[in-house]
1. If you count, for each residue, the other Cβ atoms within 10 Å and average over each peptide, how do 366-374, 130-138, 63-71, 32-40 line up from highest to lowest?
2. Rounded to the nearest whole Å², what accessible area per residue is found for the stretch 293-416 with the 1.4 Å probe?
3. ³J(HN,Hα) across the stretch 121-134 via Karplus (A = 6.51, B = -1.76, C = 1.60, θ = phi - 60°), whole Hz, x for Gly/Pro?
4. Past the 25 Å Cα-Cα mark, which pairs from Lys391/Lys436; Lys93/Lys299; Lys149/Lys302?
5. Given a 1.4 Å probe and every protein chain left where it sits, what share in percent of the accessible area of the stretch 201-247 is carbon and sulfur?
6. Quick one: 3J(HN,Hα) in Hz for the stretch 27-41, Karplus 6.51/-1.76/1.60 with θ = phi - 60°, rounded, Gly and Pro as x.
Amino acid sequence: MSKYKTSGVKGPGDNGKSEERKGQIVVRYRCNQPGTIQDVLRQRQNWVEVNDDEQWDFSWSDVAWLREIFDQVYLQEHVRMNHFRNYYELTRKNLMVKNLKHHQKNLKRDAGRTEMMCDFFPPTFSLPSEYHLFVEEFNRNSGSTWIMKPAARSQGKGIFLFRKLKDVMDWKKVKNQIKKIIDFYFLTQDSSRHSEEQGEEAQVENYVAQRYIAKPYLINGRKFDLRVYVLVTSYDPLKAWLYRDGFARFSCTRFSLSSIDDMYVHLTNVSVQKTAPDYDPKKGCKWSIQQLRRYLTAKHGKATVETLFQKMDTIFIHSLLSVRKVIINDKRCFELYGYDILLDHNLKPWLIEVNASPSHSPSSQEDYEMKCNMLDDTLNVVDMEGRLTGKEKRVGGYDLMWDDGPVFQEDVGPQTFGSSCLNTNTNLGCINDREKQLRQMPSRGSCNHRMHE
């Protein structure tokens with residue numbers, strides 16, 4: 001059971017296609033992930049949890065379970081699942097970079113574009129396939145710091161910084177030794193029993209080598225990055241929502257390049273920072289994005305900060321466009337992404353990675369409430385109850401930022417189209433008066449999240 005408690009999260013069932021009970025629609029759901037999402041699902045009105053062997057309408061599950069059911073189970077048209085079939089095209093680091101580079105080339109080929117619209121990720125190479133290209137770039141920038149990351153892992157696991165090619169060569173030797181050990185193991189086993197496992201396990205793990213942002217923007221001498229939530233409900237046509245809340249994750253240790261081996265300096269993941277000797281669980285290591293936006297506005301001015309957040313909007317949109325034709329669209333699927341953004345000393349935002357299963361584990365009561373609200377609003381947008389018209393620009397804390405094209409706060413007509421006065425419909429880090437907005441929706445209950453006594 002969660003350390004925190006949520007109560008009163010309501011979700012009406014007016015006219016959905018799920019089971020009817022006494023004139024009301026009942027949404028049958030299954031969820032194999034504990035914690036915050038379970039708290040939210042269990043508090044939604046007329047949502048009922050079912051066992052794995054029972055019929056369900058909604059599933060919030062890990063990607064391993066979804067891989068199993070996509071090709072083995074008949075799925076009705078009305079069901080909804082929290083991942084697309086090949087979600088990893090954007091969230092696996094090597095594939096994300098491959099798709100971004102391809103998108104960048106397409107933009108350059110467009111005769112009408114002279115500006116660089118996709119220069120928001122550092123030079124990055126997939127290893128081992130792009131090793132020689134990496135070495136060429138490395139030699140052109142001698143003395144630079146690079147960071148090595150496993151392509152398919154998260155929470156800072158397997159990451160290290162380096163400045164010498166020797167470090168990479170040593171890493172390659174270790175990887176080759178591991179592969180030989182795995183190969184030997186499978187050669188000594190019954191090949192008929194282990195052929196499938198061998199195909200998966202014997203592969204050398206893919207990594208990406210990325211030039212390290214050596215001059216990050218610092219607050220009180222500490223590095224931080226941003227976690228931003230983007231919800232995609234369709235890829236064809238692309239329909240994406242941006243959540244107003246999020247947070248900045250700080251390192252507990254002052255930034256310095258004098259020691260590239262100290263992960264408490266360079267990695268801001270909470271899973272890493274909470275193991276630091278000086279980590280204080282009561283204070284934590286997070287700011288809300290609203291707090292960060294106020295800080296930056298006070299220091300740099302409103303116009304500068306608005307430009308910064310517009311650049312982040314560009315990152316979200318172009319990263320999604322880079323996989324729009326690659327992701328297998330399925331109207332039964334949606335995806336909640338956790339974007340990690342780093343600011344450099346010039347307030348330029350850089351895309352670090354995109355997470356397909358962003359952590360819902362809370363680090364404080366405030367963090368728990370934010371994640372409960374965000375997950376609850378995710379379910380509101382997915383709309384199993386059928387309350388939405390499809391024309392909404394806002395649902396709870398979500399703002400529709402792309403609907404087969406940019407979405408503006410103003411209604412765009414023949415007189416306003418092309419006007420420089422149009423404002424994009426994004427409000428990251430602005431006031432999230434979600435309760436006021438939700439009260440305008442029919443039969444919407446209140447949300448009140450509180451800790452256990």
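1. Working: 366-374: 22.2, 130-138: 15.6, 63-71: 12.9, 32-40: 18.9.
Listed from highest to lowest mean packing, they are 366-374, 32-40, 130-138, 63-71.
2. Details: 5000 Å² over 124 residues.
With all protein chains present, the stretch 293-416 gives 40 Å² per residue.
3. So the J values, rounded to whole Hz, are 10, x, x, 9, 9, 7, 10, x, 4, 10, 4, 5, 5, 4.
4. On the way: Lys391/Lys436 19 Å; Lys93/Lys299 34 Å; Lys149/Lys302 35 Å.
From the list (Lys391/Lys436; Lys93/Lys299; Lys149/Lys302), the Cα-Cα distance tops 25 Å for Lys93/Lys299; Lys149/Lys302.
5. Working: 570 of 1410 Å².
Ligands and nucleic acids excluded, carbon and sulfur reach 40 percent.
6. Result, ordered by residue: 8, 8, 10, 10, 8, 9, 10, x, x, 4, 5, 5, 4, 5, 4 Hz.
The values are calculated or read from the model by the stated rules, or taken from the named source; none is laboratory data. Nothing here was measured: the structure is a model prediction, and the numbers come from that model. Cβ atoms come from the backbone with ideal geometry, glycine included; neighbour counts cover every protein chain shown. All accessible areas refer to the heavy atoms of the entire protein, side chains included, with ligands and DNA or RNA removed. Shrake-Rupley method; radii C 1.70, N 1.55, O 1.52, S 1.80 Å.
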